[in-house]
Amino acid sequence: MRRQEIIDIAVAFVVLTIAFSLRGPFWMLAAPNLGTLAMIALAVGVGFICHELGHKYMALHYGHWAEFKASKFGLFLMLAMAVALGFVF
């Protein structure tokens with residue numbers, strides 16, 4: 001893995017954790033406690049990171065090149081939807 005790919009995965013992990021920790025529209029936001037945030041980070045870490053690495057290693061297994069690249073616009077849009085609409089797509 002290249003350094004940039006690791007940075008992109010880490011940034012996406014943090015943004016996903018924040019997005020999933022938001023509860024409902026912006027007027028209903030409440031900061032999660034540390035235990036809840038840790039459970040969200042664990043679930044996001046297992047789900048997201050294993051999912052993305054699965055794509056990479058399956059492609060490599062079949063002889064293709066694959067690299068994770070985070071979309072800054074996509075991450076921003078996900079956060080905006082989590083804050084404004086209360087769900088993550």
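Rule-based calculations on the coordinates, nothing more; no lab input. These figures come from a predicted structure and were not determined experimentally. No Cβ is skipped: glycine too gets one built from the backbone with ideal geometry, and neighbour counts run over all protein chains shown.
Provide the packing ranking of 10-21, 67-78, i.e. peptides ordered by the mean count of other C-beta atoms within 10 Å per residue, highest first. The partial results should precede the final answer.
On the way: 10-21: 17.7, 67-78: 13.3.
Result, highest mean first: 10-21, 67-78.
Over the Cα atoms of the chain, what is the Rg over Rh ratio if Rh follows Kirkwood? Intermediate results must be reported in sequence, preceding the final value.
Values: Rg = 14.7 Å, Rh = 14.1 Å.
Rg/Rh: 1.04.
Can you give me the relative contact order of the chain as a percent, contacts being Cα pairs under 8 Å and 6 or more apart? Present the calculation step by step, with values, prior to reporting the outcome.
Working: 86 pairs, mean separation 40.7, N = 89.
Over the chain, the number comes to 46 percent.
Summing -39500 (n - 2.57) over the DSSP H runs of n ≥ 4 in the chain and dividing by its residue number, what mean residue ellipticity at 222 nm do you reach, to the nearest 500 deg cm²/dmol? Can you show the working numbers first?
Details: 4 runs with 56 residues, N = 89.
Calculated from helices alone, the mean residue ellipticity at 222 nm is -20500 deg cm²/dmol.
Compute, for the chain, the length of the dipole vector about the Cα centre, with Cβ point charges of +1 (Lys, Arg) and -1 (Asp, Glu) only. Units Debye, rounded to 20.
Computed about the Cα centre, the dipole is about 80 debye.
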